[in-house]
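Student: If you scroll down you'll find the structure; I have some questions about it.
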Amino acid sequence: MQDIHTILTHPGGAHKDDVLAVSVLIAMHRAPVVRREPTPADLDDPGVAIVDVGGSHDPSRSNFDHHHFPREHPPTCALSLLLQALGLYEDALLFCPWMETAEWFDSRGPNKTAEWLGAPRSVIDQLASPVDGTLLRRFAQASALSAGDPVYEFMGIVGDDLLTHLRTARARLDAIDARVERWDLKVGEDVVPTLFLARSDADAGGASQGLHDYIRAKGLGDDIAAIVYPDRRGSGYGIQRYEDHPRLDFQRIADEPDVHFAHVSGFVCKTSAAEPERLKQLVAGGWSS
């Protein structure tokens, strides 16, 4: 992208898509943010990144607005357009499960989004977080932000984390692919399909999330019941049911001598065990026939 000297977005209420798009731009350019309507000169200046306002989508001029798109246009938001310009959009759809929901919410509203999700409208409000609410509200209250302001700095951290996640996700996927094993564990007449990720010196945490991303990228979601991954807090492993598989409950193995933690809901446990055969036994022990 061009060198950006100003980040401009609309005044008034703020939404997740414009806040995240501005956060990414802050992380990339550390430019000041102004919240007002753009002028024709702003729209023509590629050094002014214009987000979610202005009626123009033109990455060559750093314009990223979607509000002039026709009603039948696929759900799109300001963040979508920015990530497309950065060549990161397809990976965002793959590695950020919240991305499509953000697009729907911003372009179709909460009622249509809930319908698309197959959930009652009330779920949208029930999933709201004070973390989201505070950031959106404080950003909406500002007419300008620059380096040193706590909201600006926090947004820069959010943007940097998102960019780092997207830029490293592919490499992490390749690393997982090189050392993941599939176990089809026989428990009575049943088979428990499990993915095991062996420990590596390159591990820096996040192995559980990495396996979730791997399963989604490989289209294995309907074919995996459990995941086993290096525990970042010890030398053992975590064992987790995938997508809350209804027949796995690791409270069933909570009293095993090498299980030092089993969540009360049974969705995950931590073990000091490191030998694959013992880990297989523990997974099988959580299975309900």
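The values are calculated or read from the model by the stated rules, or taken from the named source; none is laboratory data. No experiment lies behind these values; they were computed from the predicted model shown. Reconstructed Cβ throughout: ideal geometry from the backbone, glycine too, with neighbour counts over all protein chains shown. Accessible surface is based on the protein model in full, side chains and every heavy atom, while ligands, DNA and RNA are left aside. Shrake-Rupley method; radii C 1.70, N 1.55, O 1.52, S 1.80 Å.
Student: Charges on Cβ only, +1 for Lys and Arg, -1 for Asp and Glu, centred on the Cα centroid of the chain; of M99, S60, V158, which one is farthest towards the dipole's positive end?
Tutor: So the residue furthest toward the plus end is V158.
Student: Net charge near L220, counting Lys/Arg +1 and Asp/Glu -1 over other residues with Cβ under 14 Å of its Cβ? Kindly include the intermediate steps, with their values, before the conclusion.
Tutor: Details: positive: R182, R216, K218; negative: D177, E181, D184, D213, D222, D223, E243.
Around L220, the surrounding residues sum to -4.
Student: In the chain, which helices (entire DSSP H runs) extend 30 Å or more along their own long axis, judged by Cα positions, while averaging at least -1.0 on the Kyte-Doolittle scale? Kindly include the intermediate steps, with their values, before the conclusion.
Tutor: On the way: long enough: 150-179 (41 Å, 0.02).
Span-like helices, by this rule, are 150-179.
Student: Hey, another quick one. Of all accessible surface on the chain at a 1.4 Å probe, what whole percent is carbon and sulfur? Spell out each step's value before the answer.
Tutor: On the way: 7370 of 14430 Å².
Carbon and sulfur together cover 51 percent of it.
Student: Determine the per residue accessible area of the chain with all protein chains present and a 1.4 angstrom probe, expressed in square angstrom. Before the final figure, lay out the partial values.
Tutor: On the way: 14430 Å² over 289 residues.
Accessible area per residue: 50 Å².
Student: Would you mind working out the magnitude of the charge dipole of the chain relative to its Cα centre, with +1 at each Lys and Arg C-beta and -1 at each Asp and Glu C-beta, to the nearest 20 Debye? Let's see the in-between values first.
Tutor: On the way: 28 positive and 43 negative charges, 82 e Å.
So the dipole magnitude of the chain works out to roughly 400 debye.
Student: Related question: Could you please report the charge total around A102, scoring K, R as +1 and D, E as -1 over all other residues with beta-carbon less than 9 angstrom from its beta-carbon?
Tutor: Values: positive: K16; negative: D17, E100, E103, D106.
Surrounding charge for A102 is -3.
Student: Calculate how many DSSP beta bridges within the chain are antiparallel, expressed in % of all such bridges and rounded to the nearest 5.
Tutor: Working: 25 of 37 bridges.
Percent antiparallel among DSSP bridges in the chain is about 70.
Student: What is the packing order of peptides 119-125, 91-97, taking the mean over residues of other C-beta atoms within 10 Å and listing the highest first? It would help to have the intermediate numbers written out before the result.
Tutor: On the way: 119-125: 12.0, 91-97: 17.6.
Result, highest mean Cβ count within 10 Å first: 91-97, 119-125.
Student: May I pose another question? Where does the chain land at 222 nm, in deg cm²/dmol rounded to the nearest 500, when only DSSP H runs of n ≥ 4 count, each adding -39500 (n - 2.57), divided by all residues? Spell out each step's value before the answer.
Tutor: On the way: 10 runs with 121 residues, N = 289.
It comes out at -13000 deg cm²/dmol, rounded to the nearest 500.
Student: Also, quick follow-up: Can you give the charge dipole size of region 194-289 about its Cα centre, rounded to the nearest 20 debye, using +1 on the beta carbon of Lys and Arg and -1 on the beta carbon of Asp and Glu? Provide the component values of the computation, followed by the final result.
Tutor: Working: 11 positive and 14 negative charges, 14 e Å.
My answer is approximately 60 debye.
Student: Sticking with this structure for a sec: Give the cross-link partners of K280 among the lysines, using a straight C-alpha distance below 17 Å as the criterion and excluding same-chain residues fewer than 8 apart.
Tutor: K186, K270
Student: Along the charge dipole of the chain, which of G148, A274, I26 sits closest to the positive end, that is, farthest toward it, with unit charges on the beta carbon of Lys, Arg, Asp and Glu (+1, +1, -1, -1)?
Tutor: It is A274, whose Cα lies furthest towards the positive end.
Student: Net charge within 13 Å of I239 by Cβ-Cβ distance, Lys/Arg positive one each and Asp/Glu negative one each, not counting I239 itself? Can you show the working numbers first?
Tutor: Numbers: positive: R241, R252, K270, R278, K280; negative: D231, D249, E256, D258.
Residues near I239 contribute +1 overall.
Student: In debye to the nearest 20, how big a dipole does region 139-264 give about its Cα centre with +1 on each Lys and Arg Cβ and -1 on each Asp and Glu Cβ? The partial results should precede the final answer.
Tutor: Values: 14 positive and 22 negative charges, 46 e Å.
Roughly 220 debye for region 139-264.
Student: What do the square roots of 5 times the Cα gyration tensor eigenvalues come to for region 25-163, in whole Å, largest first, as semi-axes of the equivalent ellipsoid? Write out the running numbers ahead of the final one.
Tutor: Details: eigenvalues 124, 77, 45 Å².
After diagonalising the Cα gyration tensor, the semi-axes are 25, 20, 15 Å.
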